[in-house]
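Accompanying notes for the structure given below.
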Amino acid sequence: MKKGIQPQNYKFVVFKDMSNGKTFLSRSTAYSKEMITWEDGNEYPVIKLEISNTSHPFFTGQKMLVDTAGRIDKFKKKYAKK
């Protein structure tokens, strides 16, 4: 890897999933003017997310994103040997 191309200004940031209200603390280079008080009593910048691993259908198993059976049948029909 080349030296000097990775960011060096990582700071603690709270990410908030707006679809279910879950929050988690992580390090990031993302910038935000909004602040939130975390469980430890300190204030951190907050980054609002539309979807995260706590609400994404792949991780929760609640919904199927694509009709896999239909797509497989369509593929087989299209490329079947005649």
Rounded to a whole number of µm²/s, how large is the Stokes-Einstein D of the range 1-42 at 37 °C and 0.692 mPa s, given Rh as the Kirkwood radius over C-alpha pairs?
268
PRE zone check, label point 7 Å out along Cα-to-Cβ of Asn53, amide N under 13 Å, scope the range 1-25, hits 24-25
Mind listing the long-range amide H neighbours of Lys22? Cut-off is under 5 Å, sequence gap 5 or more, other chains count too, H placed in the peptide plane at 1.01 Å from N.
Asp17
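Bear in mind that the values in this text are calculations on the coordinates, not laboratory data. Remember, predicted model here, so these are calculated numbers, not experimental data. Cβ coordinates were reconstructed from backbone atoms using ideal geometry, including for glycine residues, and neighbour counts include every protein chain displayed.
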